[in-house]
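Scroll down for the structure; my scribbles are underneath it.
Laboratory data are not the source of any read-out in this text; all were calculated from the coordinates shown. Keep in mind it's a predicted model, so treat the numbers as computed, not measured. Ideal geometry is used to build each Cβ from the backbone, glycine not excepted, and the neighbour counts take in all protein chains shown.
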Amino acid sequence: MSLTRIATFYDPEEAYCARSFLESHGFEVCLLNEHHLTANPAFRVALGGFGLAVPTTDAESARQALREIETGPEASPPDACVSCGSTDLVRARRMSWLPLALMSGVPFLPLQRARKCAACGKRVQD
């Protein structure tokens with residue numbers, strides 16, 4: 001059985017995740033240089049990183065499966081203001097907590113996170 005290298009990773013976690021993903025889709029996967037690079041991470045660039053290899057007959061379908069996870073999920077549309085529909089939301093700054101923090105001597109950050117619409121000024125809680 002001949003193997004074909006379909007991807008190279010310099011980060012071991014990324015290589016292990018890709019290997020597990022392909023194995024979960026039924027591919028036989030071999031991780032090249034795994035033991036050398038685990039023992040001595042300084043050789044990652046010199047040895048060409050962690051190579052992901054599959055049988056030559058499955059190479060193209062395995063590449064297609066990896067492309068599927070590289071694209072990731074579709075980007076979600078930006079949040080919009082409930083009042084005017086504008087997507088120009090900025091972080092609202094409220095400084096009412098600052099005097100209390102200074103008087104108590106204990107610095108803390110406010111727990112509420114809010115955004116404000118730049119178009120109409122309406123506050124929206126996150």
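Odds and ends about this structure:
- Around Val29: net Lys/Arg minus Asp/Glu count, Cβ-Cβ under 12 Å: -2
- Between the range 49-67 and the range 2-42, the alpha-carbon center distance in angstrom: 10
- Reduced Cα scattering model of the range 3-71, Debye log10 I(q)/I(0), q = 0.13, 0.14, 0.25, 0.27 Å⁻¹: -0.33, -0.38, -1.07, -1.20
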